[in-house]
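Colleague: The structure's right below; bear with me while I get my questions together.
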Amino acid sequence: MGSKDHAVFFREMTQLILNEMPKAGYSSILNDFVESNFFVIDGDSLLVTCLGVKSFKWGQNLHFFYLVECYLVDLMSNGGQFAIVFFKDAEYAYFDFPELLSLRIALILHLQHNTNIDVQTEFSGCLSQDWKLFLEQHYPYFLIVSEEGLSDLQTYLFNFLIIHSWGMKVNVVLSSGHESDTFRLYAHTMESTDRNQTFSKENETVIQSAYKSLIQHLEERRVLALAPHFEHLKWNDIMEEAYQTLFLLQHLWSEGSDIQRVLCVTSCSLSLRMYHRVSVHSNCLSLKEVEDFCRLRCLCVAFQLHLPLSQRACSRVMTCSWIRNSDSFLKMNKWCEHFILSNLNVFGCWNLNLNHVSDLYDEQLLKNIAFYYEFESTQEPHLTLGDSIRRDYEHLWNVVSHMVKEFNVGKSFPLRTTRSHFLRQEKSVIQEISLEKMPSVGFIPMTSAVIDEFVGDMMKDLPILKSDDLVVPSLFKQKTSDELLHWHAQRLLSDDYDRIKCHVDEQSRDPHVLDFLEKIQDCQQFYGKSLESISTKVIVTQTTRPKEASSGASGEILQNTKPHQITKKNKKKSFLKEDQNKAQQKDDLLFSIEEEMKKNLHSGIRKLEDYLTSCASNSVKFGVEMLGLIACFKAWKEHCRGEGKISKDLSIAVQMMKRIHSLLERYPEILEAEHHQYIAKCLKYLGFNDLANSLDPTLIGDDKNKKKYSIDIGPARFQLQYMGHYLIRDERKGRDPRVQDFIPNAWQRELLDVVDKNESAVIVAPTSSGKTYASYYCMEKVLRESDVGVVVYVAPAKSLVGQVAATVANRFTKTLPAGRTLCGAFTRDYRHNALNCQVLITVPECFEILLLAPHRQKWVERIRYVIFDEVHYLGREVGAKFWELLLVIIRCPFLVLSATINNPNLLTKWLQSVKQYWKQADKIMEEKFISEKQADKCLNFLQDNSYKNQSYEIRLVLCGERHNDLEKHICSVKHDDVYFDHFHPCAALTTDIIEKYGFPPDLTLTPQESIQLYDTMAQVWETWPRAQELCPEEFILFKNKIVIKKLDARKYEENLKAELTNWIKNGQVKKVKTVLKNLSPDSLSSSKDMVKMFPLLVEKLRQMDKLPAIFFLFQNGDVGKRAGSVCTFLEKTETKSHPHTECHSYVFAIDEVLEKVRKTQKRISNKKNPKKAEKLRRKQMYIAEYINFLENLKILEISEDRTYADFKALHAEITRNKGSTLDRVLKRVRLTRHGKELEALAQRGIGYHHSGMYFKEKEFVEILFVKGLIRVVTATETFALGIHMPCKSVVFAQDSVYLDALNYRQIM
């Protein structure tokens, strides 16, 4: 094999791949949003995989193409977007199998001409630069490759493709072992790990050399493979002969023909010509025998043209093989077919029908014809051929005769001029069929109204077994017991619900049990309160009416009594005093904000905005906003006179414009002329003259100082580029009485209407957009209606059950009758108050247990609403059947929630069809009751099952706008440091994707990215006709507009996307490719050292003020290791003499207060002023507790820059709750497995979270993260399944086959 030195490398490469195969993950390769996951199939792997199917018989081309199409249909039916690649070098692997050479080209022609599949054949090999460029431009999600070839040499070729793919960071999916169901396609995936990428990079030179050596060896084998059939003739000579043969036939059939006739005639002509040229050996067929064989071939094609598939399928299965001489000529004929098919692309203008390229050869039919003539027929078969078959056969042979007219090949009949056999004479020539009686096949006879209604007239055409058929009893299993009681103990039989662990007897009145239940409830409320800062709402059932107030004369007499008047007067005084105190506090706060803005503008602005969120008065808010604008304007002028002369700090200008936006948009009715003049003056100083004049045309400015203060950027570009995340969204106008905490927008109001009308809804809204509020509103509605109704909340995983149960326990409280409780939980691990609660939190499989249990139907009748959260799990690999079953069998209204449903319209349509079925079923049931004159019973039934007021409509509620824009960055290691390169979303697209599918609907741009896209387009096409029209300053929605809103920026983005799409339609594909390339980040270095550099990555985010952050990894073991590495990094870099931290400053400030308290205590006597003395003692005690608590946490021993904890959050927590939350969560994990480790990490502001942790440990991390005391969390994807965890950054610190388009969207 060329250089023997490469044999060692081949073994090493093979061993690496074999070692990776057991690690291959078996999972679904096509999930929702699969259109985002473009992938590639190696064509030769597809061919080899289908040849390896057990049912395939060699020589049956049609069956082979059927297997190929079944394989591809599985991919396409699941939404796969792919290309099939046939490498030119891969053809060399088939020289030992000439029958597969023609089959390979036929497969390429079939895919190119008879399907819409993208087929690539221009790449020479997997190591070529063109292929590398293709991968870089399209970056496929994975590559489907076979792990084994037809020979060792082909296996090596596949190995090279796998190694190269890994080196290009492309995962490899094995072509064998695929399984599919209704939703998904499952396969084995071998990831492109750092180790595999390193192997490819370090052995790059060896790989190139070994590959060239392998190809050279295969080319040498080609010469050896041709020699037995063509002797001295060379490859190019035979190709030229094939070309001449096709050229001659084109002149004969200038009007065109079909591929079956063309290949038959040309391959027979070329074979006869080649056979006449080579010397005939004793072990080969004679010339006459070869002519006879070609006649059989032409007759076989005539049969293929006219016999329907149903008759061809009934042909006998021939087990005999060709004799050696015949087999040798067949191989030569297959070589000729290959040369003919290889030349077809030259005759592009010839009208050639390729519809039947999949049916070029049927070996079974050819053997049947040969067998019939050699062993069964004593007369010429043309007598029984039929006119059409005979005419086609004669025509084919006459054309063959004409094309080889230099020598006589005889006439079409007689078919055989020689007596020798082409088939071996064997004992069993035809495959015997078992004479045993075939078992009856059919449906068991039965009658069912449901089946009759569903199937309809189809039952008439289906085979039905007779009731006395012997096969019927064999289909029934042994009779199972249908008893409900144990025969010996007379107890109810248990089910899965009874077998699931329950900590205590929920109906027990034992004091210890009640105390335990109270502790559980207290822990739930504590957990929920720690996760959400929402006050608990007291629910009162609507049927419970408050006692009427006293009225009449007695009431009036009571109100006029002297004690009552004194109490009333005292209350009035206290209210007045309270108002005065509030007013004084407000003035003090505003004064402190004003002073803070003078010292530090940005710190003061943060305090100002905190105050605005808590203030309810518009007039006060307006005054505060004006105060902020004045402070910003002064700061801007001072900055421009000083540091701004060199470079301007635009963050001050951003804050100034933010205040202007707020004033003009939120308080237009309060603004007066003097305010407009001041705002215009501010705009003038920023250099926005046109905007200033539009607001106040009378304004006269100092043009000399214009340059001094101007930001030198147009107002539209400035707002888009620097104020993107501050742009105002459409204001929600008008409060809704159903919502107290916020003003709902249109789609949220629609959700509330859905619940009020007892309707069902599919709700698709981005993460943190507020869709979960509908769930709590639904719970509150059912809780207020009665003490009996139940809401079931179906969570996708048990880890989410505890979180939701805690938030429900914190949000609501209600006085219920004895034996009932507000919230319960039911998972496979435990159950708590599952059947005696009003809000049940469960998982799909457990909810199914309750719904289908016969003796739980009384409880099922109490269900009023079902909420399905994260319903995209309907399409997951595990548990999908539970979701589907539940959605079908529930009778009550439901809410379906998700942030990542790819086809919500299709899901809604399906659910609507289910609801219509139940509507019809309920109607029939009602009519049945009425017809039986049981109207009272009917009414009671409807009331008991809550069907009376139920709506059968299903609404689709969509919210496409995410509340916060996301900016994507790619992290890489360069020069031993961590760098972040901005990744423009358009850089992930290709021109093919834009042309075929357009821009993905959820691919949105930030205003800054829209500006970047425009600038790149203008740079690439200097004469772009619409450049002026789409310029930010000239765009119709931006021109002379002071307040650019988020919706305006979104419309500008849509215009740019539409324009880029038009470039492709108008033939400017190269320009679009250049735009996409320019938007891509610069060439990135390898991130193989990212594990080692992980602490530096975290530190870099801290320096950029991008904490808190969540770092997602996909292996439980790595989660703790990465968190530990960050902690070790902080400990190593910590200095012994650290500077005073912010926490120390609090302590020093407290010490000063403590000293003042001591001095005051000395002056004040307990006897003279006991109340004040007691107050000072409490203050002194509290300060001591504060310092003691900090010392217990060991926070004072850590410098501020060596921990990621937020000291302000820590100080706020201690001062607000006296450290009770911290103290409690620390005690809960102190004795757990990872408790000490988590506590040590928490002191550094670090935590980790994965499914293998104890629930108290996970709650510990969640609570401290929400509080801000932990700001760095390493976690698996389970952390994304839960309540809102606010953070500034999300980092994917590890790659995985499970990180597909769906999971990426779900995590984000």
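The values are calculated or read from the model by the stated rules, or taken from the named source; none is laboratory data. Just so it is clear, the model here is predicted, and its values are computed rather than measured. Cβ sites come from the backbone with ideal geometry, for glycine too, and all protein chains shown count toward neighbours. For the accessible areas, the whole protein counts, side chains as well, though only heavy atoms, and no ligand, DNA or RNA atoms are used. Shrake-Rupley method; radii C 1.70, N 1.55, O 1.52, S 1.80 Å.
Colleague: Only one residue in Glu1259, Glu1277, Glu1237 is closer than 30 Å to Tyr141 by Cβ and of a type outside the set (Val, Ile, Thr), so which one is that?
Modeller: Going through Glu1259, Glu1277, Glu1237 in turn, just one is closer than 30 Å to Tyr141 by Cβ and of a type outside the set (Val, Ile, Thr): Glu1277.
Colleague: While we're looking at this one, here's another question. Of everything in the range 960-1004, what is touching a Phe, Trp or Tyr at 6+ places or on another chain (Cβ under 9 Å), over 29 Å from Ile117 (Cα atoms), touching a residue at least 24 places away in the same chain (Cβ under 8 Å) and of a type outside the set (Val, Ile, Thr)? Give them in sequence order.
Modeller: Glu967, Cys971, Ser972
Colleague: If Tyr372 meets every condition in (1) open to solvent by 20 Å² or more (accessible area, probe 1.4 Å); (2) out of contact with any Pro (no Cβ under 8 Å at 6 or more places or on another chain) apart from one, which number is that one?
Modeller: Answer for Tyr372: the failing condition is (2).
Colleague: Please verify whether Leu850 is out of contact with any helix residue (DSSP H, G or I) (no Cβ under 8 Å at 6 or more places or on another chain), open to solvent by less than 10 Å² (accessible area, probe 1.4 Å) and more than 24 Å from Gln1306 (Cβ to Cβ), treating the condition exactly as stated.
Modeller: So Leu850 fails the test.
Colleague: Kindly indicate whether Gly43 is touching a residue at least 60 places away in the same chain (Cβ under 8 Å), farther than 30 Å from Leu226 by Cβ, of a type in the set (Gly, Ala, Ser) and touching a strand residue (DSSP E or B) at 6+ places or on another chain (Cβ under 6 Å).
Modeller: no
Colleague: Among the numbered criteria (1) out of contact with any strand residue (DSSP E or B) (no Cβ under 8 Å at 6 or more places or on another chain); (2) open to solvent by 40 Å² or more (accessible area, probe 1.4 Å), which one does Ser358 miss?
Modeller: Of everything listed in (1) out of contact with any strand residue (DSSP E or B) (no Cβ under 8 Å at 6 or more places or on another chain); (2) open to solvent by 40 Å² or more (accessible area, probe 1.4 Å), Ser358 misses just condition (2).
Colleague: Testing Trp131 on (1) at pLDDT below 90; (2) part of a helix (DSSP H, G or I), one condition comes back false. Which one is that?
Modeller: (1)
Colleague: Residues Glu750, Glu669: which one is modelled with pLDDT of 80 or more and assigned to a loop (DSSP other than H, G, I, E, B)?
Modeller: Glu669
Yes/no matrix, rows are residues, columns are (1) open to solvent by 30 Å² or more (accessible area, probe 1.4 Å); (2) at pLDDT below 85; (3) at positive phi:
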{"residue": "Glu291", "(1), (2), (3)": "no, no, no"}
{"residue": "Cys300", "(1), (2), (3)": "no, no, no"}
{"residue": "Pro308", "(1), (2), (3)": "yes, no, no"}
{"residue": "Arg316", "(1), (2), (3)": "yes, yes, no"}
{"residue": "Ser326", "(1), (2), (3)": "no, no, no"}
{"residue": "Leu352", "(1), (2), (3)": "yes, no, no"}
{"residue": "Arg391", "(1), (2), (3)": "yes, no, no"}
{"residue": "Asn398", "(1), (2), (3)": "yes, no, no"}
{"residue": "His402", "(1), (2), (3)": "yes, no, no"}
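Colleague: Another question, then. Which members of the range 1004-1015 meet the condition of being under 23 Å from Glu665 (Cβ atoms) and open to solvent by 10 Å² or more (accessible area, probe 1.4 Å)?
Modeller: Across the range 1004-1015, the qualifying residues are Thr1004, Gln1008.
Colleague: Count, please, the residues in the range 1016-1042 that happen to be without any contact (Cβ under 8 Å) to a residue 60 or more places away in the chain and either on the phi > 0 side of the Ramachandran plot or open to solvent by 60 Å² or more (accessible area, probe 1.4 Å) (or both).
Modeller: Residues in the range 1016-1042 being without any contact (Cβ under 8 Å) to a residue 60 or more places away in the chain and either on the phi > 0 side of the Ramachandran plot or open to solvent by 60 Å² or more (accessible area, probe 1.4 Å) (or both): 9 in total.
Colleague: Out of Leu1241, Leu1222, Leu1210, Leu1302, I need the residue that is touching a Cys at 6+ places or on another chain (Cβ under 9 Å), at pLDDT below 80 and either in a strand (DSSP E or B) or open to solvent by less than 20 Å² (accessible area, probe 1.4 Å) (or both). Which one?
Modeller: Only one candidate passes the filter, namely Leu1210.
Colleague: From the list Leu185, Leu161, Leu174, pick out the single residue that is within 17 Å of Ile215 (Cα to Cα) and buried (at least 20 other Cβ atoms within 10 Å of the Cβ).
Modeller: Leu161
Colleague: Let me ask another. With the requirement that a residue be closer than 19 Å to Phe526 by Cα, surrounded by fewer than 20 Cβ atoms within 10 Å (Cβ to Cβ) and touching a His at 6+ places or on another chain (Cβ under 9 Å), what does the range 763-820 give you?
Modeller: none
Colleague: Using the structure shown, decide if Gln655 is modelled with pLDDT of 85 or more and open to solvent by 40 Å² or more (accessible area, probe 1.4 Å).
Modeller: no
Colleague: Let me ask something else about it. State yes or no: is Val1261 in a helix (DSSP H, G or I) and of a type in the set (A, V, I, L, M, F, W, C)?
Modeller: Taking the combined requirement at face value, the residue satisfies it.
Colleague: If you don't mind, there's one more thing I want to ask. Just need a number here: residues in the range 909-968 that are aliphatic (A, V, I, L, M), modelled with pLDDT of 80 or more and not in a loop (DSSP other than H, G, I, E, B).
Modeller: Total satisfying the criteria: 8.
Colleague: Quick check on my filter: what residues within the range 77-99 are closer than 23 Å to Phe134 by Cα, open to solvent by 20 Å² or more (accessible area, probe 1.4 Å) and in contact (Cβ under 8 Å) with a residue 24 or more places away in the chain?
Modeller: Of everything in the range 77-99, those that are closer than 23 Å to Phe134 by Cα, open to solvent by 20 Å² or more (accessible area, probe 1.4 Å) and in contact (Cβ under 8 Å) with a residue 24 or more places away in the chain turn out to be Gly79, Gln81, Phe82, Lys88, Asp89, Tyr92.
Colleague: To continue, here is another question. Select from the range 257-285 the residues that are touching a helix residue (DSSP H, G or I) at 6+ places or on another chain (Cβ under 9 Å) and loosely packed, with under 14 Cβ neighbours inside 10 Å and write down the one among them that is farthest from Ile369 (Cα to Cα).
Modeller: Arg277
Colleague: Just one of (1) under 51 Å from the mean Cα position of the chain (by Cα); (2) open to solvent by less than 40 Å² (accessible area, probe 1.4 Å) trips up Glu220, so point out which.
Modeller: (2)
Colleague: Could I ask something else about it? Restricting the search to the range 41-73, which residues are outside any helix (DSSP H, G or I), open to solvent by 10 Å² or more (accessible area, probe 1.4 Å) and not hydrophobic (A, V, I, L, M, F, W, C)?
Modeller: Gly52, Lys54, Ser55, Lys57, Gly59, Gln60
Colleague: Then there's this: State whether one or more residues within the range 193-201 are closer than 30 Å to His872 by Cβ and open to solvent by less than 70 Å² (accessible area, probe 1.4 Å).
Modeller: Looking through the range 193-201, at least one residue is closer than 30 Å to His872 by Cβ and open to solvent by less than 70 Å² (accessible area, probe 1.4 Å).
Colleague: Please tell me if Leu1097 is open to solvent by less than 60 Å² (accessible area, probe 1.4 Å), farther than 30 Å from Thr1128 by Cβ and in contact (Cβ under 8 Å) with a residue 60 or more places away in the chain.
Modeller: So Leu1097 does not fit the description; no.
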